[in-house]
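Before any comments, here is the structure.
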Amino acid sequence: MSLMIDCLPGAKWLGIFSDRIASTAMRVFLWTSLCLISWSARAAADGSPGYFRDVRPVLQRQCQGCHQPNSLSSGLDLTTFEGFAKGGKRGPAFRAGSPAESLVVKYMRGEMQPLMPLGGTAVPKDQIEAISAWIAAGAKNDTPKEATDTISAANPPSYSQPPVISALAFSPDGQTLAVSGYREVLLHKADGSGLISRLVGLSERLNSVTYSSDGKLLVTAGGTPARFGEIQIWDTATGKLKRSVTLTGDTVFGGSVSPDGKMIAAGATDNSVRLIETSTGKELQKIGNHENWVLSTVFGVDGKRVVSVSKDRAAKLSDTASGGFLENVNLLRGELQAIARHPSKDIVVIGGEERIPYMYVMDRPKVMKIADDTTLVRKFPRQDGVIAALAWSGDGKKIAVAGLSPQVNIYDADTGKPVASCTGHKAGIYAVAFNPAGDRVATGGFDGHVRIYNSASGELLKDFVPVPLLVSRND
Amino acid sequence: MLRTRLLAAISFTAFSFPFAQAAEQVTFLRDVAPILNKVGCTSGPCHGAAKGKNGFKLSLRGYDPEFDYQALLYDLSGRRFNRSDPGRSLMLAKPTQEVAHGGGLRIEPGSKYYQTVFNWIAQGVPFGDPAKDKVERIEMQPPAVEMAKPGLEQQVRVVAHYLDGAVRDVTKEAVIASNIPDTADVSADAVVKGARIGEATMLVRYEGKFGTVPVTVLNPKPGFVWKALPQNNYIDQLIDAKLQRLRIQPAAAADDATFLRRVSEDLTGQLPTAEEARAFLADGTPSRLKRSRMIDTLLARKSYVDHFTLKWGDLLQNSRKYLGDKAAWEFREWIRESIASNKPYDQFVREMLTARGSTNENPATNYFRVTRDAKPTMEKTTQVFLGVRMVCTQCHDHPFERWTQNQYYEMTSFFSTVGLRPGFESGEEIVYDKRDDYDVRHPKDDRVMRPKFLVAATTVSLAPMALPDGADRRKAFAEWITSKENPFFAKSMANRMWSYFLGKGIIDPVDDIRASNPPANEALLDALTKDFKDHNYDLKHLIRTIVNSRIYQAGIETNEWNESDNTNFSHAVPRRLNAEQLMDALTQATGVRPAFPEVPADTKAEEFPDPHVGKDGFLDLFGRPQRESACECERKTDLSLPQALNLVNGRTISDAIADPAGRIAKVLIAGADDRALLQELYLATLSRTPTPTELDRGITYLRGGESRAARAQDLLWALVNSKAFLYNR
């Protein structure tokens, strides 16, 4: 029973954020995921079957594989109470007070065909009986309203190991280096000499961290894998979360801010690119041109177009005003993960599975032919691993390539010649960023260290773990 | 303040994650990968599929742990695990169905597997040391199971031995399956249950290591008394030994007539003539000596050469489709000469594998023209001469054998230097050795694969396995493959040859030798292999040994003890004559040979150079292979409805029977009486004289109407449509 203590008292944490959390479903989600252990402890206390204790686990184990937001078999979503109550194509899944007339019971008993779970082992009788009893007793949603989370701005995450670093960004004034952590963004002094502050939020993973060009906003794209996606918009002056936009059932990727700061783009696992209005959080466009997960985005110089890269191998150019598809920027080769744009020109560099960075002009000739690759500006050398991150220096002169190879390579953007190699990482590098002056490059990845290099020589200037560790580690 | 924070953090951890107790060191290699395989993550329909599942791909059945480790850790910036809060890792949330998972519940929260994965993440996801954490071998306890009767059970244990010397019981994680579940099945937790009398093999797989447990379910029926039969050679001794243990009484040797027909078809592809049959049956020499002499007579015949030339023509895919007219004839001639001179098998193979120059001058070069590219050439070479199928390893490690994808490309690179260019004459090509641009690259990472033998052979002068730069790759390969130390070369041929005479290999299919396809009688195969090597790959010796055995000469009749045995060669099994044999047998029976424009008149079907002769006709209907593959399985010897209809109604037979120059006409013109006519017909078709009943009925039929000739033709038609004629029995 002691386990319950973590979850029951005080809704401080949810209270703080509740005005920003979009839906009730979201809240249930959070609660259930945060208190996984406690419900089983709670079970012993009460006799009559309840939704949270008895019904939800059955649905979760036997039904959610198909009846979930991503597949929605028969139009039914059983990951939330609301979805369960609403039902699918055949109507509500249960009728309170009448278990015999409730679809969920009839399907599980085989009174309606096909027997559910489809093709799986039948639900044990006692579990069906528990569901029946719960429906007979009125089918109440007894999901506890309150939840608690020990992590908050006042009580930021503690770390026993360095978390994987998935995103990095220098502020436009060159003073701050923002680093992704677990449930937070850590703001460090740009030279790595100290932690300034911590921006604690909801998302476990931040797949990208981006400053608006005026430096006033810090935008993250991330979420909690297989649970929800979130775009956070932070006010850099106050360190307060201005807005949280939750979207999709999985994390979002590769967020970017339009040059005028008015729009945010991010890629999603539903194969869409979402355009969000920065000031309101309103979704402006859901662009569905890709056929697989969209992993990164970048706006054109004038903000009227956005390029997105996807596991479907394409870099697609879309119109931000209409969401319409304009062109494929590239010839399709391997899956794409990363994209970066020249600071002042509509030229992008893309990379991914094939390990070769390609530089393309965003504009395509009017008359296109199949396999036309005339807009390819440059092909860079093949890397030792899949490319996960790309950065273009603010002066437009250098391109940094990072990925599963244990080194970051820096190339001259104009000639394609190698400039420097930054070594010291043990494994995958997922984040790379130039400082505004372009003389420093910061990297981070699997080993949880941030490394700052001289971008001209590759000399390692600083190597630090961006999070406070509970126990000091030797590595 | 700091202390309070620390305490809070520690208590949070302890409360939320009761599994994070002090745990033994967990590594991906030793602990986590086997769980992924066991719970099905890496299976073919799930993340092991060629394209993965839902954006997450693992190697099929976990054959490539490095790849799986990278996929789990590095895909999408390490999305699947959470070092800060291990219990929140996607890698645990998905299989426990805490979040929606298309693959359903795979790991129970709180179970042993859950704890292991949790601890692994909590310990920082170490990969492990391949020099320590990999499985060296697996051991099965007991190594073999014998059950006194059906219905018994036996628990089998699987023990893994690691490279660092550690030993672990992995029965729960190992995959175990029966090759014949109808005889003995096995549960997921390795309890073997005998279902019926016979033998089966349990195939065990764990982390890329394979093992087998032979299971024997004995016949509990009382009253078995072993009746010893004469033993002609070691084949009989080794098979009898096993049959006696299994309480199976073998069939005795067949009679002389049956033997003569069987051995003539098997050695020469031809029926004995009526005169031969008559003479053999009349010969008073003791049967065993008489048979042995007949075997030598047949082995010395031209038709023996034709018969085995046909077999090699199939295996080496000799066809004008690949080689053109001239070369197809010349390649056939080269094979013929090799068989006629009883060229030692190793020399035969070596000459082909090292052949270079003009296809007109050195017909053995045609070996490389059929497959042309290094990869199919390697696949063909290993399948035909080693009985090893490498084809699945082109894309992934072999699922049921130890062969790896690396080995596929290492072996391929022995043939990548072979070049083909047009010669001076029409249809001529020159096989040469390339001097550059012959590197074979691994498809995954593009690295150059050096030639390396599949298994080491210590006496090969080029040991160790990898070749030095500039060495003649094909010469080295030929030396390796034909070495007496090669564990597959002689064995594969001994096994293949056995299948030609007994209907199936000791290992079957003959060209799929692997740990999970065990021999029906290992001692026998070993003895044949050793004998073949001891006689310097003398093919005629191998054949002579097999056909002189009592086992080969056994009858097809069964007794109460061997009637259910189909694996231990306790009785002969009727085999349908193959297409060419059947056409030649019809010629022999009717006395009329069908004509084909591509070959000289009076050419036997067995002598045809390739399947273009008589294409789409009788021969193809009866399963002649088109020589599209080097697999023995391309030749079909089943009996189908179209074939039966052709036999009953087809013109090949009816025309031949009624031919004015045919056997019936000749016998009638010679003035044979009814008895002589019937004897002639029986000897010409079934290689035996008619029984008194058959004689009576035949005479009654011949005298029952007006046209004696037409009635004689009817009788011949009935004989060639009988199973006794269509089958070699």
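Derivation of every value follows stated rules applied to the coordinates shown; laboratory data play no part. Owing to the predicted nature of the structure, the values given are computational and were not obtained by experimental measurement. Ideal geometry is used to build each Cβ from the backbone, glycine not excepted, and the neighbour counts take in all protein chains shown.
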Residue (of B:S492, A:A178, A:H67) at the positive-pole extreme of the protein assembly as shown, dipole from beta-carbon charges:
A:A178
Consider a paramagnetic label point 7 Å from the Cα of B:S564 along Cα→Cβ; state which residues of region B:229-262 have an amide N under 15 Å from it.
B:246-249
Ratio of chain A's C-alpha Rg to 2.2 N^0.38 Å, to two decimals?
1.08
Have a look at B:G284, A:G394, B:G194 and report the one farthest towards the positive end of the charge dipole of the protein assembly as shown, computed about the Cα centre with Cβ charges (Lys/Arg +1, Asp/Glu -1).
A:G394
Label B:S426 and B:T637 with points 7 Å out from Cα along Cα→Cβ: what is the distance between them in nm?
4.0
Interchain or sequence-distant (5+) residues whose placed amide H lies within less than 5 Å of the amide H of B:N728 are B:R575, B:R576, B:L577
Reduced to Cα centres, the span from region B:643-695 to region A:92-130 in Å works out to 73
FRET efficiency for B:H535 and B:Q626 from the Cβ-Cβ distance with R0 = 30 Å, rounded to 0.05, comes out at 0.30
Given +1 on the Cβ of Lys and Arg, -1 on the Cβ of Asp and Glu, and no further charges, what dipole in debye does region B:304-452 carry about its Cα centre, rounded to the nearest 20?
280
Gain upon complete extension [B:R137, B:K51; 0.36 nm per residue less C-alpha separation]:
27.9 nm
Rounded FRET efficiency, nearest 0.05, which uses the C-beta distance separating B:L645 from B:D255 and R0 of 30 Å:
0.35
At 7 Å along the Cα-to-beta-carbon direction for both B:E153 and B:I556, put a label point, then send me their distance in nm to one decimal.
4.3
Net charge, A:V298 excluded, C-beta distance under 11 Å - Lys, Arg +1, Asp, Glu -1
+1
Within region B:134-217: Cβ-based charge dipole about Cα centre, in debye rounded to nearest 20 (Lys, Arg +1; Asp, Glu -1)
20
Taking only Cα atoms, what is the 0 to 90° angle, nearest 10, from helix A:125-136's long axis to the longest principal axis of chain A?
80
Formal net charge of residues neighbouring B:I138 (Cβ-Cβ distance under 13 Å; K, R +1; D, E -1)
+2
With a cut-off of at most 10 other beta carbons within 10 Å, and DSSP calling the residue loop, which trypsin sites (Lys or Arg not before Pro) in region A:322-418 qualify? Please list them.
A:K366, A:K369
Please check which bits of region A:199-218 a label hung off A:A237 would reach, taking the label as a point 7 Å along Cα-to-C-beta and the cut-off as backbone N under 11 Å.
A:216-217
To make sure I understand, if each residue's beta carbon is the centre and we count other beta carbons within 10 Å, what order do B:R88, A:R61 fall in, fewest to most?
A:R61, B:R88
Quote the charge dipole size of the protein assembly as shown about the Cα centre in Debye, to the nearest 20; the model charges only the Cβ of Lys and Arg (+1) and of Asp and Glu (-1).
1820
Long-range amide H contacts for B:D64: which residues qualify at under 5 Å (H placed 1.01 Å from N, peptide plane, sequence gap of 5 or more or a different chain)?
B:S59
Using 0.36 nm per residue of separation minus the Cα-Cα distance, give me the extension gain between A:A154 and A:S73 in nm, one decimal.
24.9 nm
Return B:Y438, B:Y63 ranked ascending by Cβ neighbour count within 10 Å, so the fewest neighbours appear first.
B:Y438, B:Y63
With a sphere of radius 12 Å drawn around the Cβ of B:I699, what net charge do the other residues whose Cβ falls strictly inside it have (Lys, Arg +1; Asp, Glu -1)?
+1
Quick one: if you stick a label point 7 Å off each Cα along the C-beta vector at A:D363 and B:N342, how many nm between them?
8.5
Given the candidates B:C392, B:G104, B:G40, the one whose Cα lies deepest towards the positive end of the charge dipole of chain B, counting +1 at each Lys or Arg C-beta and -1 at each Asp or Glu C-beta, is B:G104
On full extension of the chain, what length is gained from B:V225 through B:S111, given 0.36 nm per residue of separation minus the C-alpha to C-alpha distance?
35.6 nm
Using the Karplus equation 6.51 cos²θ - 1.76 cosθ + 1.60 (θ = phi - 60°), what ³J(HN,Hα) coupling, rounded to whole Hz, does each residue of region B:301-318 give in order, writing x for Gly and Pro?
7, 4, 5, 4, 4, 4, 5, 7, 5, 4, 4, 5, x, 5, 5, 8, 6, 5
Which FRET efficiency, nearest 0.05, do B:N233 and A:K89 yield, Cβ-Cβ r, R0 56 Å?
0.15
Taking 2.2 N^0.38 Å as the expected size of a compact globular protein, what ratio does the Cα radius of gyration of chain B give against it, to two decimals?
1.17
Around A:Y211, which amide H atoms from residues at least 5 apart in sequence, or from another chain, sit under 5 Å from its own amide H, with H modelled in the peptide plane?
A:V219
